[in-house]
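Please read the structure below before turning to the comments.
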Amino acid sequence: MSGCEPPTSCPPPRVTGKRLMRTLFIGDVHGCAEELDALLKECGWQPGERVVLVGDLVAKGPDSAGVVQRARELRLLAVRGNHDEHVLRWHQGHQKPGKKLKPEHQKVLDTLSPADWRYLDSLPLYLRLPDLNVLAVHAGIVPGVPLREQRQEHLLNLRSISPEGKPSKRVSAGAPWGSFWKGPELILYGHDAVRGLQRHKHAYGLDSGCVYGGQLTAYVLPEGRFYSVPARRSYMYMDANP
């Protein structure tokens, strides 16, 4: 998909009286550095335009170090994803006793430079862009809970709201959390590759499963358009029941 229009219900960027900075919000890259390069080109990105990666820069794909290096060199913004958090904890010696690191995470520990680790450690759990009336987060926001009271585990792992109204990291536990979000901010997030590209009224999920052979997707404001590039190949099998 290239340059697809969003639904007409999309909340418009907040008008500030100033020209809005063109901003690319990009779904889970997961070490797919070549696809990130291709998507920036597809979007017509120019140096000086803002880019926000919505988490999970690393793990599973072929070149996590390349992704982090590009993010540093191009001065891309990003929020922390659950896989970013996982490798950071191991790097900092906070792993749980008896736990073993999966090969896709060990590769990250073996290849990132000290500067890469500093960049990854600097990533916030969410990023607010008032000029666009947008909040970027990796997984989600529990509707009805003030942002300052959101739990880290939900910001990094949320996928669903159960019929009883409880937040869950499991797809099978209920409906997508984004379908319950009433705004006023548009939330842009990733994490939920099983459901793929999601377009709720006030929340767009951008994880279209690039590392699993799908696509890498960006949503660009203020133009309000989606852009995608195909994965070079499938780097890992997707868990259909996360």
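Please treat every number below as a calculation from the coordinates, not as lab data. Remember, predicted model here, so these are calculated numbers, not experimental data. Note that each Cβ is placed from the backbone with ideal geometry, even for glycine, and that neighbours are counted across all protein chains shown.
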ask   = What length, rounded to one decimal in nm, is gained on full extension from residue 106 through to residue 153, with 0.36 nm per residue of separation minus their alpha-carbon distance?
value = 14.7 nm
remark   = Among 190, 203, 59, the residue whose Cα sits farthest towards the positive end of the charge dipole of the chain, when +1 is placed on the Cβ of each Lys and Arg and -1 on the Cβ of each Asp and Glu, is 203
query = Picking from 174, 144, 29, whose Cα lies most toward the positive end of the charge dipole for the chain (charges on Cβ: Lys, Arg +1; Asp, Glu -1)?
reply = 144
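So which trypsin sites (Lys or Arg not before Pro) in segment 53-111 pass both tests, a DSSP loop state and at most 13 other Cβ atoms within 10 Å of the Cβ? Don't skip to the answer; put the middle values down first.
Working: sites: 60, 70, 72, 75, 80, 89, 99, 100, 107; in loops: 60, 75, 80, 99, 100.
Sites meeting the loop and neighbour criteria: 75, 99, 100.
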task = Quick one: compute a quarter of the convex hull surface over the Cα atoms of the chain and quote it in nm².
result = 13.0 nm²
message = Tell me the volume per residue, in Å³, of the convex hull enclosing the alpha carbons of segment 25-85.
response = 68 Å³
note = If one builds a Gaussian network model of the chain from Cα atoms under 10 Å apart, the most fluctuating residue listed among 73, 42, 185 is 73
note = For 179, 122, 64, ascending order of other Cβ atoms within 10 Å (fewest first) is 122, 179, 64
note = In this structure, among 41/182; 60/169; 60/96; 100/169; 100/166; 169/201, pairs with alpha-carbon gaps over 28 Å are 41/182; 100/166
task = Sum -39500 (n - 2.57) across every DSSP H segment of at least 4 residues in the chain, then divide by the residue count to get the 222 nm mean residue ellipticity, nearest 500.
result = -6000 deg cm²/dmol
